[in-house]
Amino acid sequence: MEQNYIKPPVEVRYADQLAALAAADTGKKPENWRLSPKAVRTFILGGKAGDVDIPRKFYGNDALVERCIITLAGSRGLMLVGEPGTAKTMLSELLSAACCGVSTNTVQGTAGTTEDMIKYSWNYALLLSKGPCREALVPSPLLVGMEKGIFARFEEITRTPAEIQDSLISVMSDQILNIPELGDEGLVLAKPGFNIIGTANTRDKGVNEMSGALKRRFNFETVMPIADVHLEKEIIIREAEDMAKAGHIDCPVDTDVAELLAVTYHELREGKTAEGTIVDKPAAVMSTAEAVSVFYQTISHSWYFGGGKTDLGLLTENLVGAVCKENKDDLEKLKAYFRTAVNARAKKVGGVWKAYSETAGLLR
Ligand SMILES: Nc1ncnc2c1ncn2[C@@H]1O[C@H](COP(=O)(O)OP(=O)(O)O)[C@@H](O)[C@H]1O
Ligand SMILES: [Mg+2]
């Protein structure tokens with residue numbers, strides 16, 4: 001694919017790396033996988049494929065990534081749970097692209113997801129003219145996954161009502177999907193390589209429980225927010241640079257500002273500053289993904305409307321927008337954070353922290 005896309009799928013974006021890994025792969029492979037578990041690990045956690053450098057894509061818990069790969073090679077599904085913005089979707093895309101060559105075979109869970117969307121539906125024009133036949137069938141990602149022996153991803157599964165989620169149970173326990181309308185031809189047996197990766201946010205509003213019966217079909221892995229501020233800063237910088245490149249915004253990313261934002265997010269998420277002062281945690285989710293978006297918004301605004309230099313006033317305004325969208329009390333918590341942590345650091349280290357503290361008037 002030569003053209004530009006806003007967000008090409010992982011297998012397109014990293015096609016060169018996947019090809020290099022496949023060429024150098026000597027590891028044992030589960031049936032129908034594109035890469036061995038070892039090569040999948042390298043794709044996600046970084047390393048070498050022959051002479052080609054493979055950069056790390058997921059930071060944090062390496063053992064978790066290995067466990068995910070092993071789960072997917074087995075007969076139980078993989079369920080990634082955690083707070084929003086902890087890279088559950090990213091990890092499931094990376095796993096699918098590396099193991100199956102496809103990351104887009106996906107059902108997005110919503111309150112309106114129906115059983116048809118999970119199993120199959122019909123092209124009604126063809127159904128009326130030809131009757132129930134294979135041609136008239138519209139397969140779901142689950143059915144496609146079973147027939148091709150690839151993964152089906154189920155994003156935000158707990159947004160879907162529990163009784164709809166439960167339509168996965170029979171497929172996951174028997175690896176069979178029956179389409180009664182097709183008579184004898186209606187029995188679809190899953191090919192090796194098929195599995196399901198689900199993701200679920202633990203802190204979102206409007207989530208449904210999962211039934212015990214469905215839970216037992218999955219291995220659960222909890223993805224935690226990044227614990228290391230420096231790592232979070234690196235991710236913010238790397239993501240912002242990628243987004244700026246894609247958006248043709250040619251301004252240098254201010255690493256001091258990225259650090260200041262990483263520290264702000266980290267301390268508000270933990271409820272404690274680096275010096276040990278307790279701060280009130282906002283009710284809003286303080287995720288790395290949100291930090292990236294606040295940072296990029298600021299760069300982009302400075303680029304189009306300003307002189308290109310990252311404007312800390314804009315950063316603070318964007319921070320207010322991101323943190324205080326659901327809860328008015330969060331604004332007070334942000335103000336308190338500026339009065340204590342930001343002011344103290346402005347006095348101690350000066351520099352960007354001083355400029356940051358001077359934007360406190362914009363917290364409204
Ligand atoms: N541990 C991590 N490693 C790498 N990037 C991360 C990590 N945690 C968060 N991110 C960043 O956050 C973004 C959002 O992740 P996403 O997969 O949409 O989160 P989720 O599905 O958990 O809500 C990622 O694309 C990445 O830029
Ligand atoms: Mg997600």
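The values are calculated or read from the model by the stated rules, or taken from the named source; none is laboratory data. Since we're looking at a predicted model, the values are computed, not measured. Cβ: placed from backbone, ideal geometry, glycine included. Neighbour counts: every protein chain shown. In case anyone asks, the SASA skips ligands and DNA or RNA and just uses the protein heavy atoms, side chains included. Shrake-Rupley method; radii C 1.70, N 1.55, O 1.52, S 1.80 Å.
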Inset, instruction - Please enumerate the residues belonging to region 149-193 that are open to solvent by 10 Å² or more (accessible area, probe 1.4 Å), of a type outside the set (Val, Ile, Thr), under 16 Å from residue 219 (Cβ atoms) and not in a strand (DSSP E or B). - result: 172, 173
Inset, instruction - Taking the residues in region 26-41 that are of a type outside the set (A, V, I, L, M, F, W, C) and out of contact with any Cys (no Cβ under 9 Å at 6 or more places or on another chain) as candidates, determine which candidate is nearest to residue 59 (Cα to Cα). - result: 41
Inset, instruction - Could you list all residues from region 212-247 that are assigned to a loop (DSSP other than H, G, I, E, B) and open to solvent by 40 Å² or more (accessible area, probe 1.4 Å)? - result: 216, 217, 224, 225, 227, 228
Inset, instruction - Return the only residue of 67, 34, 41 being closer than 30 Å to residue 209 by Cβ, at pLDDT 95 or above and not assigned by TED's automatic domain parsing to the domain that holds residue 240. - result: 67
Inset, instruction - Collect the residues in region 20-33 that are closer than 15 Å to residue 99 by Cβ and in a helix (DSSP H, G or I), keeping them in residue-number order. - result: 21, 22
Legend entry - Failed condition for residue 110, given (1) of a type in the set (Val, Ile, Thr); (2) surrounded by 15 or more Cβ atoms within 10 Å (Cβ to Cβ); (3) at pLDDT below 95: (2)
Inset, instruction - Considering each residue of region 194-211, count those that are closer than 18 Å to residue 170 by Cα and either open to solvent by 80 Å² or more (accessible area, probe 1.4 Å) or in a loop (DSSP other than H, G, I, E, B) (or both), and give that number. - result: 3
Inset, instruction - Go through region 184-229 and give me each residue that's touching a residue at least 24 places away in the same chain (Cβ under 8 Å) and in contact with a Pro (Cβ under 9 Å, 6 or more places away or on another chain). - result: 188, 192, 193, 201, 202, 203, 204, 208
Inset, instruction - May I ask you to verify whether residue 132 is of a type outside the set (Val, Ile, Thr) and more than 13 Å from ligand 2 (Cβ to nearest atom)? - result: yes
Inset, instruction - Working carefully through the options 308, 313, 321, find the one that is assigned by TED's automatic domain parsing to the domain that holds residue 234, outside any helix (DSSP H, G or I) and more than 14 Å from residue 258 (Cβ to Cβ). - result: 308
Inset, instruction - Assess whether residue 283 counts as being farther than 21 Å from residue 355 by Cα, modelled with pLDDT under 95 and assigned to a helix (DSSP H, G or I). - result: no
Inset, instruction - Could you list all residues from region 349-360 that are open to solvent by 50 Å² or more (accessible area, probe 1.4 Å) and at pLDDT 95 or above? - result: 354, 358
Legend entry - strands (runs of 3 or more DSSP E) contained entirely in region 34-89, each with at least 2 residues that are open to solvent by 50 Å² or more (accessible area, probe 1.4 Å) and away from ligand 2 (no atom under 16 Å from the Cβ): 52-54
Legend entry - Test: residue 91 is more than 15 Å from ligand 1 (Cβ to nearest atom), outside the structural domain of residue 269 (by TED's automatic domain parsing) and aliphatic (A, V, I, L, M): no
